[in-house]
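**Student:** Can you read through this structure? Questions will come right after.
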Protein chains: 2
Amino acid sequence: MKKMLFLGGTGFLGKNLLEAFVQAGEYECVVFDKQGFPAEAPAIFQEVPVCLGNFEDRDRLREVLQQHPAEVLVHLVSTTIPSSSNLDIALDIESNLVATVQLLDLARQYNIRKVVFLSSGGTVYGIPSSNPVSETAPTNPICSHGIVKLAAEKYLQLYRHLYGLEYLICRVSNPYGEYHHSPVQGLINVVLRRIVKGEEVVIWGDGSTIRDYIYVKDVADAIMKLVQNDAFNQVVNVGSGQGLSINQVLTLVQKELGSFPVRYERGRAFDVPALVLDCAKLRSLM
Amino acid sequence: MKKMLFLGGTGFLGKNLLEAFVQAGEYECVVFDKQGFPAEAPAIFQEVPVCLGNFEDRDRLREVLQQHPAEVLVHLVSTTIPSSSNLDIALDIESNLVATVQLLDLARQYNIRKVVFLSSGGTVYGIPSSNPVSETAPTNPICSHGIVKLAAEKYLQLYRHLYGLEYLICRVSNPYGEYHHSPVQGLINVVLRRIVKGEEVVIWGDGSTIRDYIYVKDVADAIMKLVQNDAFNQVVNVGSGQGLSINQVLTLVQKELGSFPVRYERGRAFDVPALVLDCAKLRSLM
């Protein structure tokens with residue numbers, strides 16, 4: 001059994017990845033996160049050992065890596081989301097970028113060979129000159145979240161160059177699906193939650209913003225196949241490769257659930273007008 | 001008179017830029033740095049007001065920006081050099097990147113309109129697939145210094161996008177010339193210093209490493225012309241566009257000064273084998 005340590009494993013992507021890897025039966029999975037799974041979480045999560053700790057706490061992380069010398073680290077921690085990241089950039093840099101470098105240093109010290117890094121396909125490219133966007137497109141993020149993800153990618157590549165630590169950088173687009181509990185992030189999840197609660201749906205801009213939505217279990221499958229195929233030392237877009245506008249998503253939801261109230265607010269400066277990932281590389285690696 | 005504030009203005013590039021801008025007679029120049037000019041510095045520097053302070057000290061920087069509401073900031077501060085930056089990456093990120101973001105925040109608060117940023121043409125590109133390297137080439141640094149410079153560039157571009165703060169990013173290659181006092185950085189300076197002192201010249205690698213050397217007064221002229229031509233919101237390579245190997249430089253020095261002892265040491269992982277900047281954009285903007 002390959003030992004895998006999921007940092008930030010109790011979150012949305014974390015739970016879905018963990019479920020896929022545990023179900024595959026070939027991996028010994030351990031979680032590091034600041035909280036454990038709630039009592040009502042599905043049984044599959046109750047069997048996974050959780051090491052509690054703060055990602056920025058280097059000493060605690062050191063203990064966990066000593067105790068669980070995993071072959072692969074899966075780094076899912078993010079203390080910011082795109083919409084909040086511009087409000088306190090110093091915090092974004094320190095809690096994500098500095099902490100990620102600390103993790104890489106520890107990984108190197110404890111002879112961990114591989115790191116899977118969940119990057120942000122929706123923010124690292126900034127405003128693309130055309131869509132779909134391949135991995136070699138220019139990267140000029142318009143939010144700090146994207147800059148920090150991009151800089152973390154560069155440090156992963158640096159540690160590969162200097163110390164041989166292998167990396168798999170997954171630039172995930174906009175995942176939706178099970179275990180998505182954020183009240184503010186993820187259009188499909190937020191819209192459904194508001195409809196269920198009988199609340200008004202609030203859209204930033206006129207609804208023409210185009211995104212690449214992907215079912216989170218497809219993300220988990222893709223990442224598992226990349227790990228199984230040993231597709232390390234690659235930057236890979238992980239998306240559907242298909243663009244939908246916010247209004248198209250709302251129409252699809254309306255078809256299923258009937259009409260609901262929508263309010264359009266002014267667009268936000270950190271929202272890219274259209275972003276669809278070119279996923280040819282992912283297909284070839286799977 | 002346009003008011004210009006030079007952060008890190010007492011250093012190598014700082015002194016040369018300052019000299020050029022003061023001599024031009026159109027600028028009111030002020031320096032912010034952790035130390036002043038030594039008593040033996042040329043007279044031109046003795047007339048420039050120096051505000052003492054640490055670049056990371058936000059409160060001190062705020063006072064200085066209040067006292068000197070410059071039209072243009074010239075950001076020359078760097079607490080690391082390529083060869084040291086991989087040794088303490090957290091320090092590199094905090095003292096350079098976080099401090100730069102603090103500066104941009106203050107610039108925005110005090111209505112400063114323009115920032116000139118001295119980036120690193122020698123490190124932001126990493127190992128280029130071919131030379132010369134244009135500004136649109138991939139950027140995969142192999143030292144933390146380069147990653148931090150690159151991330152700072154991205155934050156400058158973000159502040160332009162979000163708040164309209166104008167930037168001029170100068171990716172300077174390997175400058176040499178007056179006021180270069182570092183005992184460890186800058187091949188030509190270090191070689192000459194060692195010869196003068198009668199010390200052995202130490203070269204990392206076999207001397208085949210190719211760099212783009214540029215006379216520092218040409219850098220100062222170029223940057224002054226870019227500022228005068230209002231060439232903001234650009235990323236510009238500032239180099240000679242010509243490559244010389246270390247051994248070619250040593251041969252040129254030998255022709256002038258006669259032979260001197262050279263010792264070759266093992267190459268370093270963070271040294272790019274060959275890097276020459278494509279300076280067509282600089283020429284067109286000048």
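**Student:** Can you spot a residue in region A:99-112 that is assigned to a strand (DSSP E or B) and more than 13 Å from chain B (Cβ to nearest Cβ)? Talk me through it step by step, then tell me what you get.
**Tutor:** Restricting attention to region A:99-112, the residues satisfying the condition of being assigned to a strand (DSSP E or B) are none.
The answer is no, given that none of the residues of region A:99-112 is assigned to a strand (DSSP E or B) and more than 13 Å from chain B (Cβ to nearest Cβ).
**Student:** Sticking with this structure for a sec: Could you please find all residues in region A:154-212 being under 23 Å from residue A:277 (Cβ atoms) and small (Gly, Ala, Ser)?
**Tutor:** A:173, A:177, A:182, A:186, A:205, A:207, A:208
**Student:** Of these, A:160, A:171, which one is within 30 Å of residue A:107 (Cα to Cα), of a type in the set (D, E, K, R) and buried (at least 19 other Cβ atoms within 10 Å of the Cβ)?
**Tutor:** Criteria check complete, one pass: A:171.
**Student:** Now for a separate question. Residues being hydrophobic (A, V, I, L, M, F, W, C) and in a loop (DSSP other than H, G, I, E, B): count how many of those fall in region B:113-128.
**Tutor:** The total comes to 2.
**Student:** Of the residues that make up region A:116-128, is at least one over 18 Å from the mean Cα position of the chain (by Cα), modelled with pLDDT of 95 or more, over 25 Å from residue A:228 (Cα atoms) and crowded, with 19+ Cβ neighbours inside 10 Å?
**Tutor:** Yes, that holds for at least one residue.
**Student:** Give me the pairs, please: first residue somewhere in region A:250-279 and within 14 Å of chain B (Cβ to nearest Cβ), second residue anywhere and surrounded by fewer than 13 Cβ atoms within 10 Å (Cβ to Cβ) and not in a strand (DSSP E or B), beta-carbon distance under 7 Å, and either six or more positions apart or on two chains.
**Tutor:** Here the result reads none, with nothing in region A:250-279 linked to a residue that is surrounded by fewer than 13 Cβ atoms within 10 Å (Cβ to Cβ) and not in a strand (DSSP E or B).
**Student:** If you check residue B:10 against the conditions, is it in a loop (DSSP other than H, G, I, E, B), within 22 Å of residue B:220 (Cα to Cα), away from chain A (no Cβ under 13 Å) and out of contact with any Gly (no Cβ under 9 Å at 6 or more places or on another chain)?
**Tutor:** For residue B:10, the condition - in a loop (DSSP other than H, G, I, E, B), within 22 Å of residue B:220 (Cα to Cα), away from chain A (no Cβ under 13 Å) and out of contact with any Gly (no Cβ under 9 Å at 6 or more places or on another chain) - is not met.
**Student:** In the set A:211, A:266, which member is crowded, with 19+ Cβ neighbours inside 10 Å, charged (D, E, K, R) and touching a Gly at 6+ places or on another chain (Cβ under 8 Å)? Step through it out loud before you land on a result.
**Tutor:** On the way: A:266 fails: crowded, with 19+ Cβ neighbours inside 10 Å.
After ruling out the rest, the residue left standing is A:211.
**Student:** Among the residues of region A:228-249, write down those that are of a type in the set (A, V, I, L, M, F, W, C) and either within 17 Å of residue A:189 (Cα to Cα) or within 14 Å of chain B (Cβ to nearest Cβ) (or both).
**Tutor:** Answer for region A:228-249, where residues must be of a type in the set (A, V, I, L, M, F, W, C) and either within 17 Å of residue A:189 (Cα to Cα) or within 14 Å of chain B (Cβ to nearest Cβ) (or both): A:235, A:244, A:246, A:249.
**Student:** Could we say that residue B:35 is of a type in the set (S, T, N, Q) and farther than 26 Å from residue B:159 by Cβ here?
**Tutor:** Working: of a type in the set (S, T, N, Q): yes; farther than 26 Å from residue B:159 by Cβ: yes.
Here the answer is yes, as residue B:35 does meet what is asked.
**Student:** Could you tell me whether any residue of region B:4-22 is under 27 Å from residue A:148 (Cβ atoms) and at pLDDT 95 or above?
**Tutor:** So far as region B:4-22 goes, yes, one or more of its residues are under 27 Å from residue A:148 (Cβ atoms) and at pLDDT 95 or above.
**Student:** I've got another one for you. Within region A:143-151, is even one residue more than 10 Å from chain B (Cβ to nearest Cβ) and among the aliphatic types (A, V, I, L, M)? Before the answer, list the steps.
**Tutor:** To start, the set of residues in region A:143-151 that are more than 10 Å from chain B (Cβ to nearest Cβ) comprises A:145, A:149.
Okay, now just the ones that are also among the aliphatic types (A, V, I, L, M), so none.
So far as region A:143-151 goes, no, none of its residues is more than 10 Å from chain B (Cβ to nearest Cβ) and among the aliphatic types (A, V, I, L, M).
**Student:** If you don't mind, there's one more thing I want to ask. Answer yes or no: is there a residue in region A:207-216 that is touching an Asp or Glu at 6+ places or on another chain (Cβ under 8 Å) and more than 14 Å from chain B (Cβ to nearest Cβ).
**Tutor:** Yes, region A:207-216 has at least one match.
**Student:** Moving on. May I ask you to list the residues in region B:131-154 that are surrounded by fewer than 22 Cβ atoms within 10 Å (Cβ to Cβ) and either among the hydroxyl-bearing types (Ser, Thr, Tyr) or within 25 Å of residue B:215 (Cβ to Cβ) (or both)?
**Tutor:** B:131, B:132, B:134, B:135, B:136, B:137
**Student:** Restricting to region A:126-142, name every residue that is in contact with a helix residue (DSSP H, G or I) (Cβ under 8 Å, 6 or more places away or on another chain) and either polar (S, T, N, Q) or more than 7 Å from chain B (Cβ to nearest Cβ) (or both).
**Tutor:** A:126, A:134, A:135, A:139, A:140, listed by residue number.
**Student:** Limited to region B:75-98, what total is found for residues that are more than 9 Å from every other protein chain (Cβ to nearest Cβ) and not in a helix (DSSP H, G or I)?
**Tutor:** 9
**Student:** Filtering region A:185-214 down to residues that are within 25 Å of residue A:19 (Cα to Cα) and touching a Ser or Thr at 6+ places or on another chain (Cβ under 7 Å), which residue is modelled with the lowest pLDDT?
**Tutor:** Result: A:189.
**Student:** Test residue B:15 against the stated conditions and say whether it is outside any loop (DSSP other than H, G, I, E, B) and under 15 Å from the mean Cα position of the chain (by Cα).
**Tutor:** Yes, satisfied.
**Student:** Continuing with the same structure: Considering each of A:177, A:205 in turn, give the residue that is under 30 Å from residue B:157 (Cα atoms) and in contact (Cβ under 8 Å) with a residue 40 or more places away in the chain.
**Tutor:** Exactly one of A:177, A:205 is under 30 Å from residue B:157 (Cα atoms) and in contact (Cβ under 8 Å) with a residue 40 or more places away in the chain, namely A:205.
**Student:** Taking into account only those residues within region A:245-286 that are part of a loop (DSSP other than H, G, I, E, B) and charged (D, E, K, R), which is farthest from residue A:199 (Cα to Cα)? So that I can check it myself, show each step before the final result.
**Tutor:** Here is the first cut: in region A:245-286, the residues part of a loop (DSSP other than H, G, I, E, B) are A:258-261, A:266-273, A:275-276, A:278-279, A:286.
Now narrow it down to the ones that are charged (D, E, K, R): A:266, A:268, A:271, A:278.
On the way: A:266: 19, A:268: 21, A:271: 23, A:278: 35 Å.
That would be A:278.
The values are calculated or read from the model by the stated rules, or taken from the named source; none is laboratory data. Keep in mind that what you see is a predicted model, and the values were worked out from it rather than measured. Glycine also receives a Cβ, built like all others from the backbone with ideal geometry; neighbour counts cover every protein chain displayed.
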